[in-house]
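Below is one structure, written out as structure tokens, with a few remarks after it.
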Amino acid sequence: MRILVLGGTAWLGRELAARAVAAGHDVVCLARGEAGPHAPGTRLVRADRDADTGLAAVADRSWDAVLDVARRPSHVRRAVRDLRTGHYVLVSTGNVYADTLTAGQDEAGPLLPPGDENGTPEGYGAAKVACERAVLEVYEGRCTIARSGLLGGPGDPHDRAAYWPWRFAHPSGAEVLVPDAGAQATALLDVRDLASWLLRCVAETVAGVFNTTGPVTPMAEHLAVAAAVGGGTARTVPVPEDWLREHGVEHWAGRRSLPLWLPETMAGFCAHRSDRAYAAGLAPRPLSDTLSDVLLWRAGLDREWSAGLADTEERDLLGAWHADRPGGGGQR
Ligand SMILES: NC(=O)c1ccc[n+]([C@@H]2O[C@H](COP(=O)([O-])OP(=O)(O)OC[C@H]3O[C@@H](n4cnc5c(N)ncnc54)[C@H](OP(=O)(O)O)[C@@H]3O)[C@@H](O)[C@H]2O)c1
């Protein structure tokens, strides 16, 4: 098949392109070439989707499939206007849902009003709603829209999945600081499983809108798997969420954060139902496999962490917590 990846120089896009090449397809990636290298075996067309004519170099032929990781509605509107393809795949996000509190929502859950990217999580979700609409207006019945939850796996620039197994493998001392939020849902999906499934959707013309998350797993279980993968003997110290917030620890992602930890207002965010995608062949590998692979991959990298607590931050926070709660409870 002739496959066009709109993107392909960053993480998921490159994974999609590499897997498409491995499956024997003829793959072109279109990007500015700023995010990183394109996958071996693909051809990179350098172009800027901000320009109205940005897709001109790939609009003169028809494609069997276009795979798009865009975040900007204007990029998607131009793509569905200018490109000719049998099947359109849009990678969307679980951030499209208006209700972040209710667990167990399926694809019929109410969406945010469509909007444009504005640098906030709501803006990101609203922009993806607009991207989805643009695709559905032209390709309804011939498109796959994947509302992805948190992705993990080798190559992840965000380090959210890598932090926990790495932290257990490399504790800053005798204890590992964790949020006292053991019941909170996590639902990590391996990027390789999403990429494989999207290519299967293309090959088998599986169309529709799908939540694509990993199995819903309580935080306590996720951390237990991370501890088993990381090894070591450090005790976990669950610290109340209010205390963490008061001490400047961020939720979810980024520096000085406890990755995957969500505010109570986001309790349903990682608990979407992905039954429709599972029935259509999405097959998440065991969490332990993803965490083992991402730990191994991360150990070979020499760059700053994008997420989590630095050793000194964790030691300082644990010291402050024990000072606030003398004799307070390490456990594992
Ligand atoms: N990470 C997660 O946990 C998660 C969760 C849910 C959904 N998602 C979705 O998964 C996808 C991730 O995609 P990704 O990993 O490949 O990363 P990404 O950072 O979203 O990739 C953006 C791609 O688009 C290209 N691009 C950006 N602006 C462009 C422009 N003006 N003109 C041409 N190309 C442009 C970039 O390449 P250049 O910079 O080289 O141009 C890059 O290849 C996204 O759709 C994201 O919303 C991710």
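Just a few scattered comments:
- Counted residues, region 243-301 - those being among the polar types (S, T, N, Q), over 29 Å from L199 (Cβ atoms) and open to solvent by less than 70 Å² (accessible area, probe 1.4 Å): 1
- Test: residue in region 129-137 that is under 18 Å from F210 (Cα atoms) and within 9 Å of the ligand (Cβ to nearest atom): yes
- Residue count, region 65-94 (criterion: open to solvent by 30 Å² or more (accessible area, probe 1.4 Å) and closer than 30 Å to Q184 by Cα): 2
- Those residues of region 18-43 which are within 9 Å of the ligand (Cβ to nearest atom) and either under 18 Å from L83 (Cβ atoms) or open to solvent by 70 Å² or more (accessible area, probe 1.4 Å) (or both), in sequence order: C29, L30, A31, R32, E34, A35
- Any hit, region 79-89, residues being touching a residue at least 24 places away in the same chain (Cβ under 8 Å) and in contact with a Gly (Cβ under 6 Å, 6 or more places away or on another chain): no
- Region 1-19 residues that are free of Cβ contacts under 8 Å to residues at least 60 places away in the same chain and hydroxyl-bearing (S, T, Y), paired with ones that are within 8 Å of the ligand (Cβ to nearest atom) and in a strand (DSSP E or B) (beta carbon under 6 Å, 6 or more apart): T9/A31
- Per this entry, G153 is counted among residues that are within 11 Å of the ligand (Cβ to nearest atom) and either within 30 Å of G86 (Cβ to Cβ) or open to solvent by less than 30 Å² (accessible area, probe 1.4 Å) (or both).
- Cross-chain or 6+ apart pairs with Cβ under 9 Å, region 249-264 first and touching a residue at least 60 places away in the same chain (Cβ under 8 Å), then acidic (D, E) and in a strand (DSSP E or B): L258/E250; W261/E250
- Being open to solvent by less than 10 Å² (accessible area, probe 1.4 Å), closer than 26 Å to T9 by Cβ and in a helix (DSSP H, G or I) is not true of A146.
- Within region 67-83, if we keep just the residues that are more than 13 Å from the ligand (Cβ to nearest atom) and in contact with a strand residue (DSSP E or B) (Cβ under 8 Å, 6 or more places away or on another chain), the residue that is farthest from E117 (Cα to Cα) turns out to be L83.
The values are calculated or read from the model by the stated rules, or taken from the named source; none is laboratory data. Everything numeric in this text was worked out from a predicted model, so none of it was measured. Heads up, the Cβs are rebuilt from the backbone with ideal geometry, glycines too, and the neighbour counts pull from every protein chain shown. The protein model used for the area step is the full one, side chains on, heavy atoms only, and it has no ligands, DNA or RNA in it. Shrake-Rupley method; radii C 1.70, N 1.55, O 1.52, S 1.80 Å.
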